[in-house]
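The values are calculated or read from the model by the stated rules, or taken from the named source; none is laboratory data. Since we're looking at a predicted model, the values are computed, not measured. FYI the Cβ positions are ideal-geometry reconstructions off the backbone, even for glycines, and counts take in every protein chain you see. Note: accessible area is taken over every heavy atom of the protein model, side chains too, but ligands, DNA and RNA are not part of it. Shrake-Rupley method; radii C 1.70, N 1.55, O 1.52, S 1.80 Å.
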Amino acid sequence: MPSFAAKEPTRSWWKESNVYQIYPSSFKDTNGDGIGDIQGIISELDHIKGLGADIIWICPCYRSPQVDMGYDISDYRDIDPRYGTLADIDELIEKLHERGMKLLMDLVVNHTSDQHMWFQSALTSKDSPYRDYYVWKKPKTGPNGERLPPNNWMSEFSGSVWEYDAASDEYYLHLFAVEQPDLNWENPKVVEEVHSIVRYWLDKGVDGFRLDAINYISKDTTYPDVAATDSDQLYYDGKQFYSNGPRMHEFLQGIGKILKSYNAFSVGEMGAFKDPKDVLDVVAESRVELNMVFQFEIVDIDCGTSGRYFPQNWNLPQLKQIVTKWQTSMYENDGWNALFLENHDQGRSVSRFGSDLPEFRSISAKMLATFLGLQSGTVFVYQGQELGMANIPTTWDISQFRDLWVFNVYNELVKAQDLTTLKVFKTELHKKGRDNSRTPVQWNSSDYAGFSAVQPWISVIDDYTTVNAAAQYEDPKSVYNYWSSVFKLRKSHKDLFVYGAFSLIDPTNEEIFAYERTYREQRALVVLSFSAKSVSWSLPKHYDIGEKSDVLLANYDDCSPLVSKIEIRPFEAIVYKLD
Ligand code: TEU
Ligand code: CA
């Protein structure tokens, strides 16, 4: 029998909301500079509201030199001119609130830009009051007297995490790009600054935050080396020393207290977390840290052990295991899931988990909407996902990519003349490179997909003539309208789909992913095919065949009743109501 959880989750507005993520550069351009802007977001609020999303999360739009697309902030209290002004944000907040919608800002406080006034001052002298806002260490000396970085940690974007400053003969820490120095949270002044930034935006009317790379804010302050395993390798992944560090919870509780006093929404990005216990220590209600966390187990499933630019085979039972682990552990322990298949750092889900072949694209995008959208947790849809936008075509040349991470790795491999790895890199880049999700939103079939009047900062994908929002509004069977049905179902069956328990059916089946949601006497069965072929599925025995079952949602026009053996078509999705 499916398990009926003894205790039900407490109810909260943020559990009942659906979130739409916006990458501002690629959403909509209104002033003809080829870059999306805040007025562009304002002009498309009906698109988001019509979809059924209640909250928008905007990736960083603060003042920034844009080395890492705004994740390098030079002024936390201002908007970058490429996106607009503070007045535009005020207008956005007002127009959202008028519609009963909310705004999340992206809080990037693991690091700043090297152009931030704090870092610029820190560079001028060891006596600067801002020197200790960052992490500085003396060089190490190698066997031949050469200068070496303080340890062998590898940057997320490749190379060392340490950058040498000749003027002071010290290195500073940057877990990400050289231009993104890490803040020193051991300094109480940094903690105060962050609190004041959080209050500044909440006082402006912002409704909460997505917290960037927030599991990295507390480091092992002894900065130990990672045990070397390969004499050729200079740098190693040091997450064991900087993810989930000794003071992380203390720091999160400091922020959590403020967020709670504003009844604000919070979702933390904690990519390296794999143990539900670690996530529960952040999200369990009693902790007063964050509402929910993005863990990356699903989106890492096809990434190699040496990183995303390496391949990894996966199968459906593995995916089921991951989903079930998070679904049940959060539900049973007062936690909550942040559900996502895409964001601005990931390939497009239809290309990775469905099929972007013309005959399967729309149907598999709808299947994935059903898969994700009816799980337990808060659903996040990333711009373009609601249209079934696909990855960058393999015909694109490397020069059309824009992500600094791509060029860091590419240049390194070219320099090392490592042609074998280069070939692997190119293949995987087309599956998982971050630019795949950063191409302009396809609004209509006019030039530049209606995104802009001019050539955008990154090319539009050619299929915009057929895959675009305008065409999808008209078509009742479009991916957009299907997503809207999924969100309607979450709202109309809130007890079941928001607050119900999850249980996996048929764990070993390689093609069919089936799960039940149950709430007291209410039950629904979600049946999904991840296969491009037809499959006949024998229902697990415990189903009382013949019982009356309504179909709540399906991605084909007609569908089979719940009989002992169902013929399931490619990427079919059916939601049966069982009670
Ligand atoms: O990404 C952080 C990020 O992806 C890693 O910390 C991730 O947890 C790790 O690689 C998993 O193995 C955020 C932003 O989303 C990204 O766009 C930024 O480039 C980055 O932080 C730096 O701010
Ligand atoms: Ca613009």
Point to revise | In region 101-137, residue farthest from ligand 1 (Cβ to nearest atom) [restricted to those that are in a loop (DSSP other than H, G, I, E, B) and open to solvent by 60 Å² or more (accessible area, probe 1.4 Å)] | key: ASP127
Review point. Among (1) open to solvent by 10 Å² or more (accessible area, probe 1.4 Å); (2) touching a helix residue (DSSP H, G or I) at 6+ places or on another chain (Cβ under 7 Å), where does PRO246 come up short?
Key: (2)
Practice item. Determine the pairs where a residue that is touching a residue at least 60 places away in the same chain (Cβ under 8 Å), located within region 302-329, has a partner that is within 16 Å of ligand 2 (Cβ to nearest atom) and basic (Lys, Arg) with Cβ atoms under 7 Å apart, the partner being 6 or more residues away or on another chain. Key: none
Exercise for review: Could you tell me which residue of region 25-52 is farthest from ligand 1 (Cβ to nearest atom), considering only residues that are among the small types (Gly, Ala, Ser) and either crowded, with 23+ Cβ neighbours inside 10 Å or not in a loop (DSSP other than H, G, I, E, B) (or both)?
Suggested key: GLY50
Check your understanding: Here are some residues: VAL323, VAL299, VAL283. Which one is open to solvent by less than 10 Å² (accessible area, probe 1.4 Å) and within 15 Å of ligand 1 (Cβ to nearest atom)?
Key -> VAL299
**Study point:** Some residue of region 153-165 being modelled with pLDDT under 95 and touching an Asp or Glu at 6+ places or on another chain (Cβ under 7 Å)
**Key:** yes
Point to revise | Among (1) at pLDDT below 95; (2) within 30 Å of PRO358 (Cβ to Cβ), the one test that SER534 misses | key: (1)
Check your understanding: Within region 189-198, is there a residue that is modelled with pLDDT under 95 and on the phi < 0 side of the Ramachandran plot?
Key -> no
Exercise for review: Taking the options GLU250, GLU269, name whichever one is of a type in the set (Asp, Glu) and in contact with a Ser or Thr (Cβ under 9 Å, 6 or more places away or on another chain).
Suggested key: GLU250
Exercise for review: Please identify the pairs in which a residue from region 334-353 that is farther than 14 Å from GLY384 by Cα has its Cβ atom under 6 Å from the Cβ atom of a residue that is part of a loop (DSSP other than H, G, I, E, B) and small (Gly, Ala, Ser), counting only partners at least 6 apart or on another chain.
Suggested key: ASP334/ALA284; GLY335/ALA284; ASN337/GLY377; LEU339/GLY377
**Study point:** Yes/no for ALA390 being farther than 16 Å from ARG348 by Cα and open to solvent by less than 60 Å² (accessible area, probe 1.4 Å)
**Key:** no
Practice item. Select from region 72-88 the residues that are within 27 Å of GLU192 (Cβ to Cβ), away from ligand 2 (no atom under 15 Å from the Cβ) and open to solvent by 10 Å² or more (accessible area, probe 1.4 Å) and list them in ascending order. Key: SER74, ASP75, ARG77, ASP78, LEU86
